[in-house]
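Trainee: One structure follows; several queries about it will come next.
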Amino acid sequence: MKDKIQYGNTLINYNLEFNDRKTLGIKVHPDKSVKVYAPQESNIDKIREKVKKKASWILKQQDFFLSFHPLTPARKFISGETHLYLGRQYRLKLHKKTEESVKLAGGYIHVCITNIDDKKSIQRLLKQWYKEKASYHFKQLFNDNIIVSKRFYEGEPQLTFRWMKKRWGSCDKNGKIHLNIELIKAPKKCIEYVMVHELCHLKYLNHSSAFYSLLDEIYPDWKVTKDRLERLMV
Ligand SMILES: [Zn+2]
């Protein structure tokens, strides 16, 4: 069921689920939604009281998840339409050609294709192009920034990337950093921020205050960059 509490000026909405457990559990997801798990038959006022006690922790968790939104939602894949690449807008120019290709030139993204009305294929070609660009730039940024993790991580961090629906990046306990290919549409500084954020997770796999101290130290202007990424959209 849906429920909420008031904490100062802030309303915290959450989904409440009852299940077989002995204590109350709270989870904050990357999309900032909150889930509260309570033992069967717990009293709703008691639950609210407990959630209230954890409110500042919940807000802190929410604040530090990067809210994810696709940078170019609902494109039509027609000539003249703008598409983002490394933080800049480029217009799409479609060319009827027998050989398929995508090229960046003169402020345009040129797409050569046999049928310029075939939106699915244009989308497929663009995704492929973004993926190639991501592969090149992410690897370069990774090599430039991996040094920050040397003093707190002994292993050899690995970089992978793929299209993700809900987040910009993640880090797992095996030392693997996963980046969303969608990030190639953002300025390099923003890609670098997400990367450094994930590298800091090699030391702390959570958003604890120790994690933030480390991030503050390594990347002092991270808040500005995070805001920039969250505001970016065509
Ligand atoms: Zn994180």
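We did not get these values from a lab; they are worked out from the coordinates using the rules stated. What you are looking at is a predicted structure, and each value in this text was computed from that prediction instead of being measured. Note that each Cβ is placed from the backbone with ideal geometry, even for glycine, and that neighbours are counted across all protein chains shown.
Trainee: Can you list the chymotrypsin sites (Phe, Trp or Tyr not before Pro) in the range 78-183 that are in a DSSP coil and have 12 or fewer other beta carbons within 10 angstrom?
Mentor: Taking the range 78-183 and a limit of 12 other Cβ atoms within 10 Å, the loop chymotrypsin sites (Phe, Trp or Tyr not before Pro) found are Trp163.
Trainee: What number does the range 33-120 give for Rg over Rh if you use C-alpha atoms and the Kirkwood radius?
Mentor: Details: Rg = 24.3 Å, Rh = 17.6 Å.
Radius of gyration relative to Kirkwood radius: 1.38.
Trainee: 7 Å from Cα along Cα→Cβ at both Lys50 and Glu230: what's the point-to-point distance in nm?
Mentor: 2.9 nm
Trainee: Per the Kirkwood formula on distinct C-alpha pairs, the Rh of the range 1-82 is how many angstrom?
Mentor: Details: mean 1/r = 0.0681 Å⁻¹.
Here the Kirkwood hydrodynamic radius works out to 14.7 Å.
Trainee: Could you tell me the largest-minus-smallest coordinate of the C-alpha atoms of the chain on each of the three principal axes, in descending order and whole angstroms?
Mentor: Result for the chain: principal-axis Cα extents of 68, 43, 32 Å.
Trainee: May I pose another question? Run the dipole for the range 29-164 about the Cα centre, Lys and Arg Cβ at +1, Asp and Glu Cβ at -1, nothing else charged, and hand back the magnitude in debye, nearest 20.
Mentor: Its charge dipole is roughly 260 debye.
Trainee: Loop sites only, by DSSP: take the GluC sites (Glu not before Pro) in the chain that have at most 10 other C-beta atoms within 10 Å and name the longest stretch containing none of them.
Mentor: The segment 155-234 is the longest one with no such site.
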